[in-house]
Each structure stands twice: as C-alpha cells, then as structure tokens.
Amino acid sequence: MIRLAWKISVLYAAFLVPFVAADDLPPYNCDAVFKFEGQFEKIVALIPYHVYPIYTLCTNVQFAKEYQAAMALYEQAASDPVCARMNFKRSQVNLIDMMHDQLVSLWSTANCQDCLDRANETREFLAHFDELDKCLTKHLLSPCDPCAESYGSIQGQYEELVRGHKDTICVDVEDRMNQTRHRWSAEFNCCRNRQHSTTTFVVIASVFCSLPVVFYVVMYVVTRAKEARERSREPLLDDSSRDVPACSGSASGAELDAGS
C-alpha cells in the first residue's frame, strides 16, 4: 500500500509537466481534466495521514468524497469528444488514464467499497475497537481479565464481517483486527486458548512420564508383600527341635558300632 502511494506521488509529479501545449490542437478549455488533476492532488496529500499507525483511509469521509469526485470528473472528461482528443488520444503515454488507474487500484486494493457498502457494520466494529483500545490503555499492566469481554466482542464481530467477504474485507477493519490480535497474544500474552492447550499438554506429558515410576513402585510393593506372606506360612522351629536329628543320628551310630 505504501509502495502504491509512492507510485501515485511520482505520477503526480510527472503530471505537473504541461501536456496540452501542441499548436495543432484546437483552443478548448477542458475544465474536467484540470479539476480531475486537482482531485488527484488532494487524494495524494491525504494518503500519508491515513496509513499509520493504523489504516483510516477508507473510513475517512474526506478521502471517499475526493475519490468519488475524481471518478466523476474523469468520466466527464472522457465522455467529451474534444476533451478526449486533447488528453486521451494524443499518444500511447496517457497520463490522465495512468492517474485514473492508480486511484482505482488504490481504492480496490484497499477494498474501500466494502466499508461504504456495510457502513453500519463498519461503524459498529470501529466503536468496539475504540472500546477495547481504551480498556487496554486503562489496564495496561494486566488487561487479560478486565478486557476479555471486549476482545471477545470485537473478535466475534470481525468473524461476522469476514463471513462471505473473506477477500473483500475493508483494509481499515482488517488492519485494526490484525493489530488487536497481535497486541492481545504477543504483547499482553492473553491468548487463553493457547495457554490452556499448553497447560493440558504439560499435564498429560507429566502423567505419561510418571507411569513407569508408578509401575515399578507398585511392582516392588506387591513383590515385598508376597514375600512377607510366604515367610509367614513357614513353621516356626525352636532350638530343641533343631537338636533332635543330631542326637538320633549319634545314637544310631553307637548302636551300629555295638552290633558290629
């Protein structure tokens, strides 16, 4: 858009060179052409004031008025046979047509007609934008909770505007929404859906990482409990019972000796 404005400025500078000076042309005052040049000059002068920090070009009443007046003057000049011969059919380099095409390209590229065709919706969106901007300025340190409702309103309204007009949305509306989303998510980090998704991911990842540890702990406890139950089932032997086999073994040995 800035490059297009620069081209228009260069074209305007070229237009300042007198182009109706040939001696073979009839003495005819084509007022529409010179008035069109005046409208072109006014439009070029307006552009730098309505493209930064946000686009206000299409919603600027004066810009729309000057553009429509320029288009009417061009049609008037083009429909006049003598004026057309003097200014439109002299050579292949037609400055009037070039200026006209640049203005039309600016208007159509910015989709300014969309702002005019849906004036009520556009005004409502701009009002919500101003409301959100005031809220963000008031709660500059922590705007996420106080301004959540305002942000949701402008987000919902923008989606309604885009529905069915995705490629023809007015640049003033689109630029405001892009800047609002950037401030909300990047500058203030208020993108709740992304925060919720990140938290959910961390919780799920932690659960899955802890499963092996829990498994080994459970297996250890079960094994130890099983061993304890097995030990509890074994018979208890005292010292006297442990001496009996030795004594009986010795007696049997003595009897064997006596018998032999």
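The values are calculated or read from the model by the stated rules, or taken from the named source; none is laboratory data. As the structure is a computational prediction, the values presented were derived from the model and not from experiment. We place every Cβ from the backbone using ideal geometry, glycine too, and count neighbours over all the protein chains shown. Accessible surface areas use protein heavy atoms only, side chains included; no ligands, DNA or RNA. Shrake-Rupley method; radii C 1.70, N 1.55, O 1.52, S 1.80 Å.
Could you tell me which numbered condition Phe36 fails, if it satisfies all but one of (1) among the aromatic types (Phe, Trp, Tyr); (2) under 29 Å from Asp130 (Cβ atoms); (3) in contact with a Leu (Cβ under 7 Å, 6 or more places away or on another chain)?
Tallying (1) among the aromatic types (Phe, Trp, Tyr); (2) under 29 Å from Asp130 (Cβ atoms); (3) in contact with a Leu (Cβ under 7 Å, 6 or more places away or on another chain), Phe36 fails exactly one: (2).
What's the number of the condition Cys135 fails, among (1) loosely packed, with under 15 Cβ neighbours inside 10 Å; (2) outside any loop (DSSP other than H, G, I, E, B)?
The number of the failed condition is (1).
Being touching a residue at least 24 places away in the same chain (Cβ under 8 Å) and open to solvent by 50 Å² or more (accessible area, probe 1.4 Å) is the filter; apply it to region 154-166 and report the residue that is farthest from Phe188 (Cα to Cα).
For region 154-166, the residue satisfying everything is His165.
Please count how many residues of region 36-71 are closer than 16 Å to Met98 by Cα and buried (at least 17 other Cβ atoms within 10 Å of the Cβ).
Step one: list which residues in region 36-71 are closer than 16 Å to Met98 by Cα, which gives 36-41, 43-44, 67, 70-71.
If we keep only those that are buried (at least 17 other Cβ atoms within 10 Å of the Cβ) too, we end up with 36-37, 39-40, 43-44, 67, 70.
Count: 8.
Thr109 passes all but one of (1) more than 20 Å from His50 (Cα to Cα); (2) open to solvent by 40 Å² or more (accessible area, probe 1.4 Å); which number fails?
With respect to (1) more than 20 Å from His50 (Cα to Cα); (2) open to solvent by 40 Å² or more (accessible area, probe 1.4 Å), Thr109 is out only on (1).
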